[in-house]
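A short write-up of the structure that comes next.
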Amino acid sequence: MQIKAGVLFFIAAAGLALAACGQKDAPALLAAQDSSRGQTDYLAPPQVLSVSALPGRGLEIRGAATSDPRTPDARVSGEATDLKRYGATVGKNGRFVLEMPAATAPELIAISEESGRRQLKTDGYLFVPPDAPDHAVVLRAGVPSRALQAGLIGTIDFDSGGGVAIAGVATPGAAVDVSVDGKAVARATADGQGFWEARLGVDKPGSHQVRVSSRGLDVVDRAFDFTAGTTTQIYTATREPDGWRIAWAMPGGGVQTTLLLLGASRS
């Protein structure tokens, strides 16, 4: 199954998705100029925490946004590939619940927040697989994408330049060891929520055997194809036996491929 999204969405959504624009550094912090005060204040961009399917109500996207006492009626909006926009008000606790129609095809959603005169943009596109919306993933340019629900391996990102990044979930605080083709290449530590990420020294496309282990109890050992995808649209999503392969155009230029695993087998 292969789905392509139109160019019009790219034109409309590129301004809503903050990405690293091809750089390999972490996403830059967002800062907006408050013209009324003549100073720059940092406000965190909205963050998606969960996506779920509600029978008869479509998709429910929950997240955290800015809670600024000067702008108590901040709004979060989500724009899908059909260019329709849906909105929600940010609560006093900084949380929002955004409802959108359920999609029968993979959906790419650009999310942003309007707080006073400022527009705060997420650090990537939200990709929602129709067969597992709770496993939605935030596609981030130049840094590892982050699946909202994941096993030891949740996502793998790479491009034609040979850069490969891997991310997943382990026991909070646990060490995670990664080897490629039998050679140890990285060690990471899971954060307080269990998320971990690492970069792999893989400079050749094609199939590579990747082994990820944590505390010797949780192990994934299998081959992945690191052949970079191409697309003339904003994205092309292909269903694979254990997840989705997404080739998507970064707002700053170039194409990044993300493998989203819906359930990696464990030995």
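The values are calculated or read from the model by the stated rules, or taken from the named source; none is laboratory data. No experiment lies behind these values; they were computed from the predicted model shown. Please note: Cβ atoms are built from the backbone with ideal geometry, for glycine as well, and neighbour counts cover all protein chains shown. Surface accessibility is based on the protein's heavy atoms, side chains included, excluding ligands, DNA and RNA. Shrake-Rupley method; radii C 1.70, N 1.55, O 1.52, S 1.80 Å.
If you model the range 175-267 as an ellipsoid using its alpha carbon gyration tensor, with each semi-axis the square root of five times an eigenvalue, the axes come out at 25, 15, 14 Å, biggest first.
Counting only protein heavy atoms and a 1.4 Å probe, the range 128-243 has 42 square angstrom of accessible area per residue. Relative contact order for the range 148-267: 25 percent, from Cα pairs under 8 Å spaced at least 6 residues apart, divided by residue count. Calculate the length of the line joining the C-alpha centroid of the range 243-261 to that of the range 154-212, in whole Å. Cα centroid of the range 243-261 versus Cα centroid of the range 154-212: 17 Å apart. For an R0 of 45 angstrom, estimate the FRET efficiency from the Cβ-Cβ distance between residue 227 and residue 93 and round to the nearest 0.05. Between residue 227 and residue 93 the formula returns 0.50.
Applying both filters, DSSP loop and at most 15 other Cβ atoms within 10 Å, to the trypsin sites (Lys or Arg not before Pro) of the range 151-253 gives 215. Taking the 1.4 Å solvent-accessible surface of the range 68-222 as the whole, the part contributed by carbon and sulfur is 47%.
Near residue 259, within a Cβ-to-Cβ distance under 10 Å, what is the net charge of the other residues, with Lys and Arg +1 and Asp and Glu -1? Don't skip to the answer; put the middle values down first.
Details: positive: 245; negative: 157, 225, 240, 242.
Its environment carries a net charge of -3.
A protection proxy built from the mean count of other Cβ atoms within 10 Å ranks the segments 169-179, 123-133, most packed first, as 123-133, 169-179. If R0 is 45 Å, what FRET efficiency do you get for residue 183 and residue 104 from their C-beta distance, rounded to 0.05? Efficiency, from the Cβ-Cβ distance: 0.60.
A Förster distance of 22 Å, applied to the separation of the beta-carbon atoms of residue 114 and residue 60, puts the FRET efficiency at 0.60.
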